[in-house]
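First comes the structure, then the notes that go with it.
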Amino acid sequence: MARILVVEDQVELQRALRINLRARRYDVLAARTGRQALTVAATQLPEAIILDLGLPDIDGTELIVELPLVPRADHRTVRAHRPWRQDRRPRCRSR
C-alpha cells in the first residue's frame with residue numbers, strides 16, 4: 001500500500017483528504033506544519049506528499065527545498081497546492 005503524507009494546516013481540508021485517500025486504500029500520514037512534515041518524512045518515509053504551500057511556520061516552497069535534505073528520505077512525488085483565499089472566491093454572475 002502506498003504511503004502518502006498530507007501536509008495541510010486547515011483541519012477540515014486535511015480530514016477530507018485523509019478520508020478520500022484512505023477510501024482509495026492509501027496509507028495516509030498527516031502533518032499540520034512544515035516542521036512536523038519534515039519529522040514525519042524522516043521517520044515514516046512517504047512515497048508521495050500532498051503539500052499546502054501556505055503553512056503557518058515555513059513556506060511550502062521552502063519545505064520542498066528542505067525535503068531532499070531529510071536523511072533516509074527518497075520522495076518521488078510532491079503535489080503542492082495554494083491555499084484557498086476568501087477574497088479570490090469565484091463569483092457567479094446573474095443575467
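Before moving on, here are some points about what is shown:
- Test result for L29, touching a strand residue (DSSP E or B) at 6+ places or on another chain (Cβ under 7 Å), modelled with pLDDT of 95 or more and assigned to a strand (DSSP E or B): yes
- The range 1-26: number of residues that are part of a loop (DSSP other than H, G, I, E, B) and under 21 Å from P56 (Cβ atoms): 3
- Of all residues in the range 20-34, those that are under 12 Å from V7 (Cβ atoms) have Cβ atoms under 6 Å from Cβ atoms of residues that are of a type outside the set (D, E, K, R) and in a helix (DSSP H, G or I), 6 or more apart or on another chain, in V28/L21; L29/V40; L29/Q44; A30/Q14; A31/A37; A31/V40; G34/L63.
The values are calculated or read from the model by the stated rules, or taken from the named source; none is laboratory data. The model shown is predicted, which means the values in this text are computed figures rather than measured ones. Every residue, glycine among them, receives a Cβ derived from its backbone with ideal geometry; neighbour counts consider all protein chains shown.
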